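Undergrad: Sharing a structure below in structure tokens format, with a few things to ask.
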Amino acid sequence: MTAPAKALGFALALLLAGCSGKSGDVAGPNPEPPTNDPETPAPNPGGVQGTYELEQINGSNPGQLVTISKPDGKVIGLYRFEVTTITMDALQTFALQLRYTDDKTDDGIDDEGEFKQAGPRATNGALPLTFSSAVYDDKFTGVVLGNIVAIKYDFDGDGQLDTSFGFRLRD
């Protein structure tokens, strides 16, 4: 497994563990001492600005057929994801363009809104984020680790986060 794939996998695992509520009291005290001075302000998530390109969908690569399923296992569909990006700017806004096909029809989802830091930066540098959609009036979670952004997204619009997308910052 390559280092970028490991970083993306770790970011997705961190995202899923932090959002599942099954990994213990995620809001409880951190047993590790803080590494920064309490007088130093928290990092600004606006520092993650840039355009990120799709690198993984539920562990599969763009261009492959990917089964998208609800959390209960019911299949939403079989899709091939093409050029897909998320752009994040210093004003803490995002624009997401998902492009995919079912091999019969080309389709897409365009979403935009704001993102905010959702908690302290982890000791490995991972920054948890909450995205608020102005288009669909919902929220989804994400994490930034280095030049990788991983999000958990409600692909079918039923209110459940069902699909993991991993993006890498464009060069």
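Undergrad: Regarding Gly146, is this residue buried (at least 22 other Cβ atoms within 10 Å of the Cβ) and of a type in the set (Gly, Ala, Ser)?
TA: Criteria not met by Gly146.
Undergrad: Given the criteria touching a Lys or Arg at 6+ places or on another chain (Cβ under 9 Å) and farther than 15 Å from Tyr52 by Cα, does Thr85 qualify?
TA: Spelling it out, it is not the case that Thr85 is touching a Lys or Arg at 6+ places or on another chain (Cβ under 9 Å) and farther than 15 Å from Tyr52 by Cα.
Undergrad: Ok, one more. Show me the strands (runs of 3 or more DSSP E) entirely contained within the range 76-171 in which 2 or more residues are small (Gly, Ala, Ser).
TA: Values: elements: 85-88, 93-101, 106-117, 127-133, 139-145, 148-153, 163-169.
Ranges flagged: 106-117, 127-133, 163-169.
Undergrad: Also, I was wondering about something else. May I ask you to verify whether Phe140 is touching a residue at least 40 places away in the same chain (Cβ under 8 Å), crowded, with 16+ Cβ neighbours inside 10 Å and hydrophobic (A, V, I, L, M, F, W, C)?
TA: No; evaluated as a whole, the condition is false for this residue.
Undergrad: Just one of the numbered conditions (1) under 20 Å from Gln64 (Cβ atoms); (2) in contact with a Phe, Trp or Tyr (Cβ under 8 Å, 6 or more places away or on another chain); (3) surrounded by fewer than 16 Cβ atoms within 10 Å (Cβ to Cβ) is not true of Thr163; which one?
TA: Going through (1) under 20 Å from Gln64 (Cβ atoms); (2) in contact with a Phe, Trp or Tyr (Cβ under 8 Å, 6 or more places away or on another chain); (3) surrounded by fewer than 16 Cβ atoms within 10 Å (Cβ to Cβ) one by one, Thr163 breaks only (3).
Undergrad: Considering only the range 99-137, state which residues are within 13 Å of the chain's Cα centre (by Cα), surrounded by 19 or more Cβ atoms within 10 Å (Cβ to Cβ) and not aromatic (Phe, Trp, Tyr).
TA: Correct list: Ala126, Leu127, Pro128, Leu129.
Undergrad: Still on this structure, I have one more. Working only within the range 140-155, note down all residues that are in contact with a Gly (Cβ under 8 Å, 6 or more places away or on another chain) and within 19 Å of Asp110 (Cβ to Cβ).
TA: Those that are in contact with a Gly (Cβ under 8 Å, 6 or more places away or on another chain) and within 19 Å of Asp110 (Cβ to Cβ): Val149, Ile151, Lys152.
Undergrad: Right, something else. Which numbered condition in (1) closer than 29 Å to Gly63 by Cβ; (2) of a type outside the set (Lys, Arg); (3) modelled with pLDDT of 95 or more is the only one that Gln117 fails?
TA: If we test Gln117 against (1) closer than 29 Å to Gly63 by Cβ; (2) of a type outside the set (Lys, Arg); (3) modelled with pLDDT of 95 or more, just (1) comes out false.
Undergrad: I would also like to ask the following. Condition first: over 17 Å from Thr93 (Cα atoms) and among the aromatic types (Phe, Trp, Tyr). Now tell me which residues in the range 110-161 satisfy that.
TA: If the condition is that a residue be over 17 Å from Thr93 (Cα atoms) and among the aromatic types (Phe, Trp, Tyr), then Phe155 is the only one that fits.
Undergrad: When only residues in the range 58-112 that are touching a residue at least 24 places away in the same chain (Cβ under 8 Å) and among the β-branched types (Val, Ile, Thr) count, which is farthest from Asp171 (Cα to Cα)?
TA: Only one residue fits best here, namely Ile76.
Undergrad: Would you check if Tyr153 is of a type in the set (Ser, Thr, Tyr) and closer than 20 Å to Ser60 by Cα?
TA: yes
The values are calculated or read from the model by the stated rules, or taken from the named source; none is laboratory data. The shown structure was predicted, so the numbers you read here are calculated from the model rather than taken from an experiment. Cβ coordinates were reconstructed from backbone atoms using ideal geometry, including for glycine residues, and neighbour counts include every protein chain displayed.
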